[in-house]
Every structure is written in structure tokens, then in C-alpha cells.
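> Starting off with a structure, shown below.
Computed from the coordinates by the stated procedures, all read-outs in this text should not be read as laboratory data. What you see is a predicted model, and the numbers here were worked out from it, not measured in a lab. Cβ placement follows ideal geometry from the backbone for every residue including glycine, while neighbour counts extend to all protein chains displayed.
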């Protein structure tokens, strides 16, 4: 079995060679994975789960090295939290592996086919994308989650985690290798980049011959840097500046409960509501009650003039507020004349992630769902439902804000592509 | 009604401003197009067809200016041919408009939806991509074809044709405007770039805020230039280095006829076979007969040593031949030991466009179709079928060699994307 990482950067080998070698090996592995059986892939995932359980002590010892270094370098407590491989986070990773192992294999499924006038049959077959690069920050659980989803969908994966998680990711890489070996799958199906050299990220992003798509999982800084450097297509997740619009015909209780849930379910998720838009005809009936609940929960309110006339505690909102993804206990509120003004606001300030209308009026609901140009558009639901598991995808590699290929939560299907398959019996053209 | 082109480059306005303005206007028009009715879009397309017919004389007079200039600058006859708006090419454009007008509108169609355990319904709605940039070379018919497909699928379009077709494209732009106006659709739904400044292409390709995808239609040079400059995603068509593999279990007549058709239907199309792979067990029975037919048709043959032992007229093929898309009357031939060697050859040298196996053996056919990683994989059919019309797509904007979003012939559906639509009744998360 080949080692997953061929060279250590301390050997002073050329970084370009090192990264290119990973790409060549991944491309070779991808050819084998196209035809890997569903059983073999599931076996590998279950074996990884078993090794995670068995090697828990080793893993946590390696993780402790990263945590030590992180504390010494003064990493923020939230980051240290994400870096920690606790018993609980290991259990979640094991459960994730077993869940993905049990999901239906998307590879090889066929769309409905048609028969052309000359008798040839035309259909499409779902196939892996090929080689996927995952670039992520300090969370080592991504190493397992991303590798599992990519393997299940038949893709070879190159994983580049944050340098803070170096020892943890290396140990997790060994567990992945053990799982692949147990199922006789190629070792290069999943490769963890060995070097901590930051230039490796830029190199991966330009390796168009060997990497088909890069999925960055991290903050805005990472995505913006990659967007300007990458030649490989990105499946990226930018901001979630999500809106709820309470229509004139909303049910007051529903509007109250959905809005509170959209804001307070979890402040830090991309589906959290950041701006509330309220129809002028219902504002006086809903806003004071809503304000009380949100203020009691410690949410700071910022509003337009009409909002502040109804909620004296609200600070004045500026354009900056309409543009901001707070990811915290702050909510911007704007009273609008009608649904058109609400949709104009969303078109101007939104990030195209997830928006929701609260209404009992069918034509308002239909217009909103058709016209709002976001990856997810809801009726009478809180925006915090933006999650692959909630959509029934089983698991997600992320939430795409791309317009091409996959939009919104991306599950196994989003990691595949369709090729045309035509079957004939010697038909000729022309 | 606003003019489609706001400023002429002769006014020395800043090119960046000019191109950015086109983008802003396209984005605004795209919002209107999302909800444009199928009737309105079809009406505009039929009106364009009518105006094309009525203004034929004006169009051909404008076209004559381009042809004059082209002849004076010594443009190659093949290029001049493509540039010519003959009666026949105008008829084809009119027929294309009417055909696209009559096709089903992909926008607004819904996938099957599921109901989650909490009762909320989850589905996906087909929506336009948004703003599409088309960058093409001298063929003015692309102006009409591309505008029609993009409009039908609800996208705003920015068209940038070759400077050789400046007058033709300008005149065609006026016809498009007249059609849009007849159907009360926004003038900026289709904009023809006014300036002939070559820097406009590079600027369009970096306008990520306003252009969602660029479709280059032209030669390798254009695509390569764009690939290195673009920040906007490209739906691109690289080479079609297509293979036919004659398996040991092929029917000799079928193999002969399909192979001849694949090479000679038209030499210059991307689906033309460029390399023939033949199983060693059948080579002696098929190659001499095939060689006779192809040589009679004036095709030059280049082969491996085993091929040349059977076809004395064949020149020696080098690695360069395996890599080349001839787009002409030349064929490379290689005898292989078995299907694995054939698929290895394709994986190494192919461009992932279209490949075909000729066989009566089910397991060979199944393996080939599953394992060959091309956008189209055929059984017992010539590769020259690679065309959206042949696949039943009605019309195509091009053939994509991308792995993401759309692979192979791209019709109306490939110009759309799916957004998630969720409908609930006040369900909450957590």
C-alpha cells in the first residue's frame, strides 16, 4: 500500500512537485473509484468508523499536541473548541460514517431515457465528478465527513486542513487509510496534504489537470482568497444574509414563532435570519410583540424609522445593517410598503442564500417563491432550516451559493455529474 | 425604450464603465425575465423571425460591409464563408427562432417533491441562471441562435461577437431589439457589445457581480485565453479528440459502416472520430476493408506497427497523433490487446468528449459505457451523433467539456439551474 502522503515538506522537495504528485495519484485513484462497488465503499466507511473507535486514545493524544500548541499561540477559545476531538465529537464522526455508509449510492443511476426516431436510446448516467479538493480550517471532523461523502460518491479526495490541526488530521488520515485498505480500495482515494506550507492551497487551486472542483469550507477570508487565485472551479459558500418577510396576510402567531426561531435557533449558522422585513399593514400588530420576545432573549434590534416608531428600543439601522451577516444576536428590521418593496430589498441587499415569506395568501406566497432569486426560498418556515439533513439529503458537504451545478445544501448528488449514454445498433448520421 | 448599447467606444468613454454598465443593465433585465411568461418569450422570438425576414435586404447590406473588409484584409475563405449571411443561412436562423419559440419553457418546472417528517414539503424549481455572456468569433448566426436560447430559458444575455462581423452583429442586434419590444420585454434582455476593443472580452470575463456564466464559442485560442483570464465561470468546449473502439465481438459490417460514418460524416465537427482503436483479434478481418473505404474517400491513415502490418499505406503514428484533434481527413489507428488497453488509451489521450464501442458483447458494452469518463459514451453508434438536436434537445448552445453543471450537448435545461423551494405551515427547527 502506498502512503497517502508521499513526501514531507521537511525533505525540502519542491512544493510544486509534491502537490502535483498528489494530483496525479488522485486522478489514478479516481479511475478505479468510478467502478468501485457500493459494497466496497460502504465497507471502507464502516471500517473507518471501527478504527476511529479503536484508535480513540491515539487520536486524542495527537489532538492534544495540536491543542497544546493552539493554547500556547493564544488561539481564540471558539477555535480551540472546534479543534478539540472530544469523546462527543468522535461519536458524531462515527455516527456520520455509518450513516453515509448506509445511504444509497448515487453512482451509476440512470435518468429516464428516450428513444429517438432512428431507434437509438438516449439517457444520462450519474457518475462521480472525479477529483475533489477540500480546503478547510481548524475543524478536524471535516477530514472524516468530507472524505466519507466524497468516497461514497466515487470521487478521489485531496484534503487540506488548517495547520493548527496538523497532528489531528495526520492521525485521522491514517484511520482513513486503514479503512480503505480493509476494503481493498486505492490508498490514493483519499490523500491528506502533508505540508503545512500555506502556498499549497494556491497550488491546489490551480491544478486544473488533476483537480475537478475545490470545495472551500471556512470563513469569508479563505473563500475570497481562493476566488481570486483559483483556476479550478469552486463549489463555494459565501454569505448567508437571510431574510424573513412578514406579509400583510400573515398569521400573527405563526409569524411570531417562525421569526423568533429563524433568529434564535442558533445565531452562528448561515441560515440565521439577519434582516426582518414587515408589511406596513401588519407592522403595528406584530412588531411590538416580536420585539418583546427578542429583547428578552438578548437580541439587539436595529430598525428603519417606521420600525423605531413601533419599537422604541431599536437603534437606527443604516445601509451597513442591511448588508451585514451578523452571525450573532442582532436583527435589522425594516417596514416595507408591499411585497415588491420586500423583494427589491432582498434583491439589493441579500446574498441569495435563504429567504422566507410568512403569509396565508396564496398569490403572495407563489410570487415570492417564484421571483426571489435565492438558493432556497421558503413559505411559512424559518430560514434556519437551511441544512442538508433537514432537506432529507442525509448529510451535506456544505451549502453552495454558486448558481451553476449545485445551489443550496449539497449532498451526495451534488458531488456527482451526469454523462450522456447512447445505445444504438449501427445507426448512421446523415 | 433604452438602446441596447449605451455608448460607442468612439466616444472614448472608459471601457470599464461601458462594460460594467452592460452588466448592471443585464442584471436588472434578468430580474424581469425570471417572471416573463412563456407566451411573451415565444412572441418575441416569433417577432424576431418576422423582422429577420422583413429586413433581409438591410441585413445583407450591412453584412456586405463586413465581407468587403474581410476580403480586403485577406481573411481565409473558410472564415469568409462563416461570416456570410446568405439567403440560406438567414432561412436557417428564422427556422431556428421558430423552433425555439415552440419548445417547452423550462423555467418554473418543479422536480418531484418530498414531504419531511415534520410535514414541510421540499422540492426544486428550475430557474434561469441569470446573466449569460456569449463570446464568439466571426459567425453572425450565433448572435441570433444564442440570444434565442438564452431568452427562452429566461436569461439576460450579453453578446460579444468577432470584430469582423461588427456591422452584421449590430444589424442583428437591432432585429433582436425590435422583437423584444414587440413582446414588451426589457431591451436589456439581450445586449450586443458595441465596442470592438479586444479588452472588452477580458473585462466581461471578470465581471463576477453581473455575469453568472460565460459561454465561449470559438477556437482553442479563444478558450485558452479566457480560461486564464476569467473569474466568471465558463461553460466551455475544449477539444473533441473522439475515439471509436472496435471490440473483438463487433459485427464486421456495423463496425465498418459506423467507423466510416464517424470519420467522414463531416471532418470538421467536434464529434468526428480522430483515433480508431481495434481489438487484435478482429483487426485482420476489419482493417483492410476499412482502409480501402477510407483511402478511397481520401482519408490519410496513420497507424501503430500492428496497424501498418495490415494496412501498408498507413504512415507511422506517433504520440502526437494520439493527442491530435485533426478536424480533417486524417485518422490515427491503433491495434490494442483488449478492452482495458483501449480504455487506458482513451483515458490517457482522449479529451473526454465522445467515445463509442462497437460490440455485440453485453459485458464489454456495459463496462465501456460505465468506465469511460467522457461527456458522451456510445454503444454501436458513430461519434458524429454528438449534437443537441440528435439527442432530442431541440437545439444546443454548444457542447460542454466541463465536468460541473452541464456536460455534453447543452440545450435549454443546461441554461437553467435549480433552486430549493420549501413550503410549510409554521414548522420550527429544534
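> Just checking the output field for A:376-387: average partner chain Cβ neighbours within 10 Å of each residue's Cβ? Intermediate values should be presented prior to the final figure.
Working: counts 6, 7, 8, 7, 7, 11, 6, 2, 3, 10, 3, 1.
Mean shielding count: 6.
> What number does segment B:125-210 give for Rg over Rh if you use C-alpha atoms and the Kirkwood radius? Can you show the working numbers first?
Details: Rg = 12.6 Å, Rh = 13.2 Å.
Taking Rh as the inverse mean 1/r over Cα pairs, Rg/Rh reads 0.96.
> Report, as an integer, the average count of C-beta atoms from other chains found within 10 Å of each Cβ along B:346-356. Walk me through the numbers on the way to the answer.
Numbers: counts 0, 3, 0, 0, 0, 0, 2, 0, 2, 0, 2.
Mean number of neighbouring Cβ atoms from other chains: 1.
> Shifting gears a bit: Starting with the highest mean, order B:122-130, A:168-176, A:198-206 by the number of other Cβ atoms within 10 Å, averaged over the residues of each peptide.
Values: B:122-130: 21.4, A:168-176: 24.4, A:198-206: 17.7.
Ranked by mean Cβ neighbours within 10 Å, highest first: A:168-176, B:122-130, A:198-206.
> Right, something else. Given labels modelled 7 Å from the Cα in the Cβ direction, how far is it in nm from residue A:425 to residue B:187?
5.8 nm
> Across chain A, how large is the tail of the calculated P(r) beyond 32 Å, expressed as a percent of all Cα pairs?
For chain A, the share of Cα pairs beyond 32 Å comes to 45 percent.
> Take the alpha carbon atoms of segment A:274-323, find their center, do the same for segment A:52-92, and report the distance between the two centers in whole angstrom.
The distance from the Cα centre of segment A:274-323 to that of segment A:52-92 comes to 41 Å.
> Hey, with R₀ at 30 Å, roughly what FRET efficiency would residue A:337 and residue A:269 work out to, going by the Cβ-Cβ distance, to 0.05? Write down the numbers at each step before the final one.
On the way: r = 31 Å, r/R0 = 1.02.
Here the calculated transfer efficiency is 0.45.
> Would you mind ranking A:121, A:160 by Cβ crowding within 10 Å, fewest neighbours first? Show your work: numbers first, answer last.
Values: A:121 15, A:160 25.
Least crowded to most crowded, the residues run A:121, A:160.
> Taking a ≥ b ≥ c as the square roots of the Cα gyration tensor eigenvalues, with a/c under 1.5 meaning rounded and otherwise prolate when a/b beats b/c, else oblate, which class fits segment A:271-351? If you can, show how the numbers build up before the last one.
Details: a/c = 1.69, a/b = 1.10, b/c = 1.54.
Since a/c reaches 1.5 but b/c is at least a/b, the shape of segment A:271-351 is classed as oblate.
> Turning to a different aspect of this structure: Considering chain A as a Gaussian network with a 10 Å cut-off on Cα pairs, which listed residue, A:63, A:241, A:361, attains the greatest mean-square fluctuation?
A:361
> Give or take rounding to whole Å, what are the principal axis extents of the alpha carbon atoms in segment B:212-305, in descending order?
In descending order, the Cα extents are 52, 27, 25 Å.
> Placing a label point 7 Å from Cα toward Cβ, how far apart in nm is residue B:329 from its equivalents in the other copies, listed shortest first to one decimal?
With the label placed 7 Å along Cα→Cβ, residue B:329 yields 8.1 nm.
> For residue A:91 and residue A:360, compute 0.36 nm times the residue count separating them, minus their Cα-Cα distance, and round to one decimal in nm. Walk me through the numbers before you get to the answer.
Working: separation 269, 0.36 × 269 = 96.84 nm, distance 4.24 nm.
Taking 0.36 nm per residue and subtracting the Cα distance, the gain is 92.6 nm.
> Something else now. When the Cα centres of segment A:133-198 and segment B:99-175 are compared, how far apart do they sit, in Å?
39 Å
> Determine, from the Cβ-Cβ distance of residue B:114 and residue A:71 and an R0 of 41 Å, the FRET efficiency 1/(1 + (r/R0)^6), rounded to the nearest 0.05. Don't skip to the end; give the middle numbers.
Values: r = 46 Å, r/R0 = 1.11.
Calculated transfer efficiency: 0.35.
> I'd like the distance separating the alpha-carbon centroids of segment B:363-391 and segment A:206-247, in whole Å.
33 Å
> Next up: Could you sort B:184-194, A:338-348, B:348-358, B:417-427 so that the peptide with the highest average Cβ count within 10 Å comes first and the rest follow in order?
B:348-358, B:184-194, B:417-427, A:338-348
> Evaluate peptide B:399-411: per residue, the Cβ atoms of other protein chains within 10 Å of its Cβ; return the mean as an integer. Present the calculation step by step, with values, prior to reporting the outcome.
Details: counts 0, 0, 0, 5, 11, 13, 8, 4, 6, 5, 2, 0, 0.
If you average over the peptide's residues, the count of other-chain Cβ atoms is 4.
> Could you tell me the largest-minus-smallest coordinate of the C-alpha atoms of segment B:94-164 on each of the three principal axes, in descending order and whole angstroms?
Here the spans come out as 61, 23, 13 Å, largest first.
> Report the residue, chosen from B:215, B:223, B:282, that carries the largest GNM mean-square fluctuation when chain B is represented by alpha-carbon nodes joined by springs under 10 Å.
B:282
> For a test of the definition: using alpha carbon positions, the gyration tensor, and the 1.5 limit on a/c, classify segment B:318-378 as rounded, prolate or oblate. Don't skip to the end; give the middle numbers.
Working: a/c = 1.88, a/b = 1.59, b/c = 1.18.
Since a/c reaches 1.5 and a/b is larger than b/c, the shape of segment B:318-378 is classed as prolate.
> Relative to the longest principal Cα axis of chain A, at what angle does helix A:15-34 sit, 0 to 90 degrees, rounded to 10?
90 degrees
> What fraction, in whole percent, of alpha-carbon pairs in the protein assembly as shown exceed 35 Å separation?
55 percent
> Could you work out the Kirkwood radius for segment A:30-118, taking every pair of different alpha carbons, averaging 1/r and inverting it, reported in Å? Let's see the in-between values first.
Details: mean 1/r = 0.0612 Å⁻¹.
Here the Kirkwood hydrodynamic radius works out to 16.4 Å.
> A further question on this structure: In the P(r) worked out for segment A:242-385, what percent of Cα pairs fall beyond 25 Å? Intermediate values should be presented prior to the final figure.
Working: 1367 of 10296 pairs.
Result for the distance tail: 13 percent.
> Anyone know which of B:395, B:69, B:78 comes out most mobile in the 10 Å Cα GNM of chain B?
B:78
> Based on the Cβ-Cβ distance of residue B:81 and residue B:300, what FRET efficiency does E = 1/(1 + (r/R0)^6) give at R0 = 25 Å, to the nearest 0.05?
Working: r = 24 Å, r/R0 = 0.94.
After rounding, the FRET efficiency stands at 0.60.
> Test of understanding: ordering A:366, B:157 by Cβ neighbours within 10 Å, fewest first, what list do you get? Could the numbers behind the result be given before it?
On the way: A:366 13, B:157 29.
Lowest to highest Cβ neighbour count: A:366, B:157.
> Sum -39500 (n - 2.57) across every DSSP H segment of at least 4 residues in chain A, then divide by the residue count to get the 222 nm mean residue ellipticity, nearest 500. Before the final figure, lay out each step's value.
Details: 15 runs with 184 residues, N = 430.
Theoretical 222 nm ellipticity from helices: -13500 deg cm²/dmol.
> Let me ask you something else. Mind ranking B:287-296, A:291-300 by how tightly packed they are, going by the mean number of other C-beta atoms within 10 angstrom, highest first?
Values: B:287-296: 17.0, A:291-300: 14.8.
Packing proxy ranking, top to bottom: B:287-296, A:291-300.
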